[in-house]
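The values are calculated or read from the model by the stated rules, or taken from the named source; none is laboratory data. Computed from a predicted model, the values in this text were never measured in an experiment. Cβ placement follows ideal geometry from the backbone for every residue including glycine, while neighbour counts extend to all protein chains displayed. Accessible surface is based on the protein model in full, side chains and every heavy atom, while ligands, DNA and RNA are left aside. Shrake-Rupley method; radii C 1.70, N 1.55, O 1.52, S 1.80 Å.
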Amino acid sequence: LQFPQRESNREATSRKVLRFVQARLDNETSNWYTSTSPDVIFASNLIVCRVLAEARLTLLNDQLSERAANGSLLREARLANADELVSCLRDRFGLDTGDIDVAEIFNRVRSQTDSA
């Protein structure tokens with residue numbers, strides 16, 4: 001971040017006023033916490049997002065939302081089963097679920113949704 005500074009000869013120059021330094025250890029600790037703590041939404045929920053030119057797709061557990069570029073809700077749907085989850089991940093998000101036990105994931109996210 002730089003601000004202009006006037007010198008005696010009236011020429012504008014810039015000087016650094018703030019410097020942000022981020023230690024590698026901080027990133028490692030934060031990443032570990034957000035991926036392992038049961039208090040963090042990422043560790044106990046299925047969250048998938050995709051930004052397209054015309055819309056933003058969000059999958060939170062079994063709830064698929066599509067929003068226009070201006071943020072207005074276009075569609076919302078609840079996935080009914082593991083097959084729908086596979087299709088959604090493949091067709092809407094472009095993800096290959098080949099070696100993933102999607103049925104187990106779906107059962108976990110459905111029980112998460114039902115208990116809320």
**Report entry** Scan of region 56-79 for residues that are in a loop (DSSP other than H, G, I, E, B) and open to solvent by 70 Å² or more (accessible area, probe 1.4 Å), ordered by number
**Finding:** A69, N70
Query raised in the report: Which ones in region 37-55 are under 18 Å from S65 (Cα atoms) and either surrounded by 13 or more Cβ atoms within 10 Å (Cβ to Cβ) or free of Cβ contacts under 8 Å to residues at least 12 places away in the same chain (or both)?
Result: I41, F42, N45, L46, V48, C49, R50, V51, L52, A55
**Report entry** Tally, over region 82-116, of residues that are surrounded by 12 or more Cβ atoms within 10 Å (Cβ to Cβ) and not β-branched (V, I, T)
**Finding:** 17
